[in-house]
Amino acid sequence: MCGIVGYIGKREAYPIIIKGLKRLEYRGYDSAGIALLNGDLKIMKKKGKVSDLEGTISGENLHSTIGIGHTRWATHGEPNDVNAHPHASSDGKLAIIHNGIIENYQSLKTELEIKGHKFKSETDSEVVIHLIEEIKKNNNCSLEEAVRLSLQEVVGAYAICILSSDDDKQLIAARKGSPLVIGVGDGEFFIASDATPIIEYTNNVVYLDDYEIAVIKNGKLTLKSVEDVPKTPFVHTLEMELESIEKGGFEHFMLKEIHEQPKSIRDCLRGRLLPKDNHLFLNGMSQYMNKFLNTDRLIFIACGTSWHAALVAEYLFEDIARVSVEVEYASEFRYRNPVIRETDVVIPISQSGETADTLAAIDLAKSKGATIFGVCNVVGSSIARASHAGAYIHAGPEIGVASTKAFTGQVTVLAMMALILGLKKGTLSESRYRELLFELDTIPEKIQKILEDAEPIKRIAETFQFAKNFLYLGRGYNFPVALEGALKLKEISYIHAEGYPAAEMKHGPIALIDEDMPVVFIATKDATYEKIISNIQEVKARKGKVIAIVTEGDKDIHNMAEYTVEIPKTDDCFIPLLSVIPLQLLSYYVAIYRGCNVDQPRNLAKSVTVE
Ligand code: F6R
């Protein structure tokens, strides 16, 4: 949720930290702050965007080669200057930035208050730095040891970074449940919540594991566990390109990411799908094929948009591989005492790979002996590492808060998995398999075609920009797409929108329909086409305004609906990959017409690392 950045080395820390915070701003943007060391500890923080912070500190002496920075998504305490990070110890010598939630902060705070500590903010994070200060004083120990002992008392999730004015050659970081990456340069180190602030300086990174403490001192990195066991840092090489985290001429990351989908899907298919050779291969899946073949159910766990991709998977796997599927909200699954068997294959889906609820659901499933097969975008993320095996979607960094290319990447991987399993199980004939491989290969060009003609969607967005409600209806493979379309609109334009299976409408939502209600039908020519035409008629009879996403050349719905948007024809099982694209564009343009901040919608953050 929050973004944290740290630098220690030979360069000026301030520009590196500010740039890093801008790269991480998608994680939270209600306040920002930095701490620099140059003899004294200098803390500067401000409610608002990183640019607001920058505005208030111009002209100050910012010379320092060590510093930390934070961009906040408030959990404890409203967004204001005081609650912004970094937070300092009572003596002003220590500073901390924190991402996560300290669950026992109230009891720790009470104990510390009894010992005379005075707190300035309402945050849980400030408690940690006072605790470290107290333990350091009482044990007369090093900062490193005080951090280690303090973390044994802390319950909850954290990624922290600490500096002390007593030692300008030392930076300490630690994690449990919230991500932290350390970039290893030439005599310099970069710390961040994810790799995006790091890649322009170095490709060499160390991912911190839970309960690990990193001490960077005198140009050397050492790792140890909270239990004081030394660990060997394992340096990974990042394959991310700098261009992938910049807007590349688009006005917003979201629009860029929508337009990237032909490429991101091509990247997802690369080396895995070769239709001419009848080849479809997912390495992680082949290693765990026995588990897939010997289970009688798959359990998908995810949140938000990733949960919608899981719903598409339900249709795909049941249809193609004839295996029963359960789709679970990770947040419910983890607290529901679910029945999990050792033969179950549990498939978490996550763009960020850091969603706290999904991670907790994985832990639960793992503890019951299930096999975990992760479908993630962020390479090396916590969910990817917590899985026994998995498949990356290779969509590249997704920065826009509203997920777009991750959804189509997830559906692409899930479709590949279903095809592989269907063929292995014999529920999919060789000829149909071959046909589907060729069809899957055409999806990037078909998306490109939709993207090239966004004008009708823009016009619809302009017409309905003032609507108070929207209804999205779809059936079969398009039902999850209806949910996804509604979520996209809600997130970035703040218009209330509901997604429903079209046939469910008559069981309640039909009461909402009047001449002011835009109803988006995803009504492509598939197995449910005739049925959805009846649903369109039901809406028209009640004067609802019908916007229909249709297969190209569909004259019937064209004559019925007020507005139609055509998409190319494809096989039923790949339709979500196409039908979601106009809905992403519709939400984008409605938000633009309404003057909303598309990339940083209110109250949201990209990666939900808290419960
Ligand atoms: C919607 C959106 C969220 C995420 C959800 C899960 O546009 O971005 O609903 O899909 O928070 O996140 P991941 O996929 O990172 O686990």
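The values are calculated or read from the model by the stated rules, or taken from the named source; none is laboratory data. A quick note: this is a predicted structure, and the numbers were derived from the prediction, not measured. A quick note on method: Cβ atoms are made from the backbone with ideal geometry, for glycine too, and the neighbour counts reach across all protein chains shown. With ligands, DNA and RNA removed, areas are computed over all heavy atoms of the protein, side chains included. Shrake-Rupley method; radii C 1.70, N 1.55, O 1.52, S 1.80 Å.
To the nearest 0.05, what FRET efficiency results for Lys540 and Lys217 with a Förster distance of 56 Å applied to their C-beta separation?
The value I calculate is 0.20.
Among rounded, prolate and oblate, which fits segment 3-243 when a ≥ b ≥ c are the square roots of the eigenvalues of its C-alpha gyration tensor, a/c under 1.5 means rounded, and a/b larger than b/c means prolate?
On the way: a/c = 1.45, a/b = 1.14, b/c = 1.27.
In terms of gyration-tensor shape, rounded.
Return one whole number: the accessible area per residue of the chain in Å², for a 1.4 Å probe.
Heavy-atom SASA per residue in the chain reads 38 Å².
Here are some pairs, Lys19/Lys42; Lys405/Lys525; Lys42/Lys247; which of them have Cα atoms lying more than 22 Å apart in this structure? Don't skip to the answer; put the middle values down first.
Working: Lys19/Lys42 18 Å; Lys405/Lys525 24 Å; Lys42/Lys247 32 Å.
In this structure, Lys405/Lys525; Lys42/Lys247 lie more than 22 Å apart at Cα.
So how much slack lies between Thr237 and Ser51, counting 0.36 nm per residue of separation and subtracting their Cα-Cα distance, in nm? Don't jump to the answer; show the numbers that get you there.
On the way: separation 186, 0.36 × 186 = 66.96 nm, distance 3.12 nm.
Stretched out fully, the Thr237 to Ser51 stretch lengthens by 63.8 nm.
Counting only helical runs of four or more DSSP H residues, what would the 222 nm mean residue ellipticity of the chain come to if each run contributes -39,500 (n - 2.57) and the total is spread over all its residues?
Details: 20 runs with 230 residues, N = 611.
That comes out to -11500 deg cm²/dmol.
Run the quick spin-label model on Arg385 and Ile114: label points 7 Å from Cα toward the beta carbon, then report their separation in nm to one decimal.
Result: 3.7 nm between the two label points.
Subtracting the Cα-Cα distance from 0.36 nm times the residue separation, let me have the gained length for Phe438 to Ala503 in nm, one decimal. Don't skip to the answer; put the middle values down first.
Values: separation 65, 0.36 × 65 = 23.40 nm, distance 3.21 nm.
That works out to 20.2 nm of additional length.
Test of understanding: what is the full-extension gain from Lys276 to Thr343, defined as 0.36 nm times their sequence separation minus their Cα-Cα distance? Walk me through the numbers on the way to the answer.
Numbers: separation 67, 0.36 × 67 = 24.12 nm, distance 3.49 nm.
Full extension of this stretch gives 20.6 nm more.
Can you tell me the FRET efficiency between Asp40 and Val229 if r is taken as the Cβ-Cβ distance and R0 is 35 Å, rounded to the nearest 0.05? Don't jump to the answer; show the numbers that get you there.
Details: r = 35 Å, r/R0 = 1.00.
Efficiency for this residue pair is about 0.50.
For segment 289-344, run through the chymotrypsin sites (Phe, Trp or Tyr not before Pro) and keep only the ones in DSSP coil with at most 14 other Cβ atoms within 10 Å of their Cβ. Before the final figure, lay out each step's value.
Numbers: sites: Phe292, Phe300, Trp307, Tyr315, Phe317, Tyr329, Phe333, Tyr335; in loops: Tyr335.
Within segment 289-344, the qualifying chymotrypsin sites (Phe, Trp or Tyr not before Pro) (loop, at most 14 other Cβ atoms within 10 Å) are Tyr335.
Given a cut-off of 23 Å, name the pairs among Lys10/Lys217; Lys256/Lys449; Lys276/Lys569; Lys109/Lys217; Lys263/Lys446 whose C-alpha atoms lie farther apart than that in the structure shown.
Working: Lys10/Lys217 13 Å; Lys256/Lys449 16 Å; Lys276/Lys569 21 Å; Lys109/Lys217 30 Å; Lys263/Lys446 12 Å.
Too far apart for the 23 Å limit: Lys109/Lys217.
So for segment 248-448, taking the charge dipole from beta-carbon charges (+1 Lys/Arg, -1 Asp/Glu), which of Gln287, Leu273, Ser331 sits furthest toward the positive end?
Gln287
What are the residues whose amide H is under 5 Å from the amide H of Ser121, where those residues sit 5 or more places off or on another chain and H is modelled from the backbone?
Sorted by chain and number, the residues that satisfy this come to none at all.
Measuring from centroid to centroid over Cα atoms, what is the spacing of segment 513-534 and segment 284-308 in Å?
Their Cα centres are 31 Å away from one another.
Dipole size in debye (nearest 20) for segment 404-495 around its Cα centre, Lys and Arg Cβ +1, Asp and Glu Cβ -1?
Numbers: 13 positive and 11 negative charges, 70 e Å.
Using only the charged Cβ atoms, the result is roughly 340 debye.
Hey, got the dipole for segment 3-243? About the Cα centre, +1 on K and R Cβ, -1 on D and E Cβ, debye to the nearest 20? All intermediate terms of the calculation are to be shown ahead of the outcome.
Values: 27 positive and 36 negative charges, 62 e Å.
Computed about the Cα centre, the dipole is about 300 debye.
Work out the charge dipole of segment 453-603 with +1 on the Cβ of Lys and Arg and -1 on the Cβ of Asp and Glu about the Cα centre, then indicate which of His507, Phe479, Ile575 is farthest towards its positive end.
His507
Nearest 10 degrees is fine. How inclined is helix 143-153 to the longest principal axis of the chain, computing both from alpha carbons?
Long axis of 143-153 versus the principal axis of the chain: about 50 degrees.
To the nearest 20 debye, what charge dipole does segment 16-129 have about its Cα centre, counting +1 at the Cβ of each Lys and Arg and -1 at the Cβ of each Asp and Glu? Kindly include the intermediate steps, with their values, before the conclusion.
Working: 15 positive and 15 negative charges, 66 e Å.
Value, rounded to 20: 320 debye.
What do you get for the angle between helix 105-114 and the principal long axis of the chain? Use alpha-carbon atoms, 0 to 90 degrees, nearest ten.
Its long axis makes an angle of about 20 degrees.
Put +1 on the Cβ of each Lys and Arg and -1 on the Cβ of each Asp and Glu in segment 3-243; which of Asn218, Ser125, Ser193 then has its Cα farthest toward the positive end of the dipole?
Most positive-ward Cα: Asn218.
Heavy atoms only, probe 1.4 Å: what % of the accessible area of the chain goes to carbon and sulfur, would you let me know?
Here carbon and sulfur together make up 48 percent of the probe-accessible area.
By how many degrees, between 0 and 90 and to the nearest 10, does the Cα long axis of helix 13-24 differ from the longest principal axis of the chain?
Helix 13-24 sits roughly 30 degrees off the main axis of the chain.
According to a simple spin-label model (label point 7 Å from Cα along Cα-to-Cβ), what is the distance in nm between Glu78 and Thr463?
Output for this residue pair reads 4.2 nm.
How much FRET efficiency would the formula 1/(1 + (r/R0)^6) give for Asp91 and Arg594, where r is the Cβ-Cβ distance and R0 is 56 Å, rounded to 0.05?
With R0 = 56 Å, the Cβ-Cβ based efficiency is 0.70.
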